[in-house]
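Contents: one structure, followed by commentary.
Derivation of every value follows stated rules applied to the coordinates shown; laboratory data play no part. Please read all numbers here as calculations on a predicted model, not as lab measurements. When we count neighbours, we look across all protein chains shown, and the Cβ atoms used for this are built from the backbone with ideal geometry, even at glycine.
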Amino acid sequence: MNVSDKAEIGQSGLMVSRLGLGGAPLAGLFQGVSAEQASDTIERYLDHGLYFFDTAPLYGSGLSETRLGGVLSRRDRDSFVLASKVGRLLVPDPDRPNDLWSEDLPPLRATYDYSYDGIMQSIEESLERLGLDRIDILHIHDPDDHYEEAMSGAHKALVKLRNEGVIKAFGAGMNQWEMLARFAREGDFDCFLLAGRYTLVDHSGLAELLPLCEERRISIIVGGPYNSGILAVGAVEGATFNYQPAPREIMERVSRIEAVCARHGVPLKAAALQFPLAHPAVAAIIPGGRSRDEVDENCLMVSHEVPPVFWDDLRTEGLVPDAAPTPA
């Protein structure tokens, strides 16, 4: 695909670049990122003509939103599309644990709140951190154990805001596909952020969720297309899958994929980014980025020419399901 390709979110009329920028690494997820480096990363992404950003209050206790806003607030507001999330409020806690983030974070702790009032408060606080007057897409964030509250509170609030034109689209962002399928059947959503469940090595969202979303014109935004690392670094010691050490069966599967990549001279990263984009339900992918080089590489990998026979071989070896569309 061309790195400048665009897609519509649901039936909202909102167009996004198919290669988005995930904002968690900008706040120092697992590896330190200075404020200057974060700004440079965002600017580099914009230099490529791309304009779809994803963030959340949870990412670095608001630091991701603050750093994105520091750059985007100086831009024409109509020149980019911004997605953030609701369902967690940040409350003061000077003793908060800091197990995932490498930066010095604000003394705030995330607490679940999917109530109508909690959603409204979350949006107001996000806008203050961003220094912006609006957010385009809002996702209900990780409501795994809060389905009823998410529907009675968050869904109700977001429908109202969309109907009033305050936001252009809304969805839910999760690391599972099952509850997203329930949301698709019972709610009124424009999109879902599906993290890690439709990738080159994990196809679990394919059989039920993606056809359902295609039928109902709910766009899928694929988060974690590298499955937290293994599809970027390969089946090497220390590789992670779902933010944990990769299990043996995943290591073996990725190793087999790498062998096909080697036969055809295809970078694993190129295959990992291009595979989910071939499904008609998928509007965009949002790999994270913490440097100019990572942004440049993601752009290069998305546009890398992959021969059709590569995908045929993956399918023949049982590494890609027969039902999964491929770029060829």
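Phi angles across the range 123-140 convert, under the Karplus curve 6.51 cos²θ - 1.76 cosθ + 1.60 with θ = phi - 60°, into 3J(HN,Hα) values of 4, 4, 6, 5, 4, 5, 5, 6, x, 10, 9, 6, 10, 7, 10, 10, 10, 6 Hz, Gly and Pro given as x.
Residue ranges 185-193, 237-245 sort as 185-193, 237-245 when ordered by packing (mean number of other C-beta atoms within 10 Å per residue, highest first).
Peptides 276-286, 31-41 ranked from most to least packed, by the mean per-residue count of other Cβ atoms within 10 Å: 276-286, 31-41. Let's see if you can work this out: charge +1 on each Lys and Arg Cβ, -1 on each Asp and Glu Cβ, no other charges. What is the dipole magnitude of the range 6-316 about its Cα centre, in debye to the nearest 20? It comes to approximately 540 debye.
Which value, in debye to the nearest 20, describes the size of the charge dipole of the range 65-147 about its Cα centre when Lys and Arg Cβ atoms bear +1, Asp and Glu Cβ atoms bear -1, and nothing else is charged?
Roughly 340 debye, rounded to the nearest 20.
At a Förster radius of 35 Å, what calculated FRET efficiency corresponds to the Cβ-Cβ distance of residue 217 and residue 1, to the nearest 0.05? Present the calculation step by step, with values, prior to reporting the outcome.
On the way: r = 21 Å, r/R0 = 0.59.
Efficiency, rounded to the nearest 0.05: 0.95.
Counting charges near residue 266 (Lys, Arg +1; Asp, Glu -1) among other residues having Cβ under 15 Å from its Cβ returns a value of -2.
How much length would be gained if the chain were fully extended between residue 207 and residue 124, taking 0.36 nm per residue of separation minus their Cα-Cα distance, in nm to one decimal? Please list the in-between numbers first.
Working: separation 83, 0.36 × 83 = 29.88 nm, distance 3.77 nm.
Separation in residues times 0.36 nm, less the Cα-Cα distance, equals 26.1 nm.
If I stretch the segment between residue 300 and residue 264 completely, what's the gain in nm (0.36 nm per residue apart, minus their alpha carbon distance), one decimal? Show your work: numbers first, answer last.
On the way: separation 36, 0.36 × 36 = 12.96 nm, distance 1.72 nm.
Length gained between residue 300 and residue 264: 11.2 nm.
Given R₀ = 25 Å, what would the calculated FRET efficiency be for residue 316 paired with residue 236, taking r from the Cβ atoms and rounding to 0.05? Intermediate values should be presented prior to the final figure.
Details: r = 25 Å, r/R0 = 1.02.
Rounded to the nearest 0.05, the efficiency is 0.45.
Remark on the range 213-328: ratio of C-alpha radius of gyration to 2.2 N^0.38 Å is 1.05.
Where the convex hull is taken over the Cα atoms of the range 6-316, what is its projected area averaged over directions, in nm²? Numbers along the way, then the final one.
On the way: hull surface 61.0 nm².
Averaging across all directions leaves 15.2 nm² for the Cα convex hull.
The order of the peptides 154-160, 318-324 by mean Cβ neighbours within 10 Å, most packed first, is 154-160, 318-324. Could you check which residue among 162, 292, 248 shows the biggest mean-square fluctuation in a GNM of the chain with a 10 Å Cα cutoff? Highest fluctuation among the options: 248.
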